[in-house]
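This report concerns only the one structure given below.
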Amino acid sequence: MAEHEESPGGVPPLDEEAAWAAIVAGYGQEPPDPPGSRPFRPIENLMLPEEDVEPEPPAAASSAEPPQAPAAPPPTVLGSSVVFAPGVGLGATGPGSGPRDHTPAEPDEKDEGHFVPPEPELPPADTTAKFAWLAVVGGPVLLLVAVLLQWDMTWWLTTLGIGGFLGGFATLVARMSHDDDEDDDPGRGAVV
């Protein structure tokens, strides 16, 4: 390594080899918590209030035999694989009560006779409207199939695709019902 000269501010140079030796010596050890920080709360204690949380015992010095862990009760399951931050997901009735947990109330005897609207019936379509819709949808589909299957774009295929679409669209527009606003009485409002 090259010799380091003293910087102009009178600060001695950093001994890089000593700094790397300190980093390597401390590898794998957890740094101490900063002053005033609270200890990490395990997931079993996340739902408990702050004063009920038991602090984790400090790591004891290593001894000849490892300490035996006391038989702990099985951890409580908070939910599926979703883990919430403290205070999130707590409803008035406890954990896990939210909009997806709502069940509707059982119907009363008085609700049994409520009105159920019948299924609406569509008016029957005439033959002209059916063929117009077939041309509007079938023309572009025919051209798309011709491109995908790499058919030769002959004059009759192009005329059938484009002409079918334009002719079907024009037929549907021409057959639309024309409501004249002049004939209606706008002052009548809703009639019950």
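The values are calculated or read from the model by the stated rules, or taken from the named source; none is laboratory data. Since the model is a prediction, treat every value here as computed from it, not as a measurement. So basically every Cβ, Gly included, is an ideal-geometry build from the backbone, and we count neighbours across all protein chains shown. Just so you know, the surface numbers come from the protein's heavy atoms only, side chains and all, with ligands and any DNA or RNA stripped out. Shrake-Rupley method; radii C 1.70, N 1.55, O 1.52, S 1.80 Å.
Between a first residue in the stretch 143-163 that is touching a residue at least 24 places away in the same chain (Cβ under 8 Å) and a second residue that is open to solvent by less than 100 Å² (accessible area, probe 1.4 Å), which pairs have beta carbons less than 8 Å apart while being 6 or more apart in sequence or on different chains? Final answer for the pair search is 163/139.
Just to verify a result, which residue in the stretch 112-130, among those that are of a type in the set (Gly, Ala, Ser) and closer than 30 Å to residue 167 by Cβ, is modelled with the lowest pLDDT? Don't jump to the end; show me each part of the working.
Start the filter on the stretch 112-130 by keeping residues that are of a type in the set (Gly, Ala, Ser), which leaves 113, 125, 129.
Going one step further and asking which of them are closer than 30 Å to residue 167 by Cβ, we end up with 125, 129.
Values: 125: 81, 129: 91.
Result: 125.
Here residue 153 passes the criteria (1) under 30 Å from residue 172 (Cα atoms); (2) part of a loop (DSSP other than H, G, I, E, B); (3) open to solvent by 100 Å² or more (accessible area, probe 1.4 Å); (4) at pLDDT 90 or above except the one numbered (3). Inspection of the stretch 40-49 identifies no residue that is open to solvent by 100 Å² or more (accessible area, probe 1.4 Å), at pLDDT 75 or above and part of a loop (DSSP other than H, G, I, E, B).
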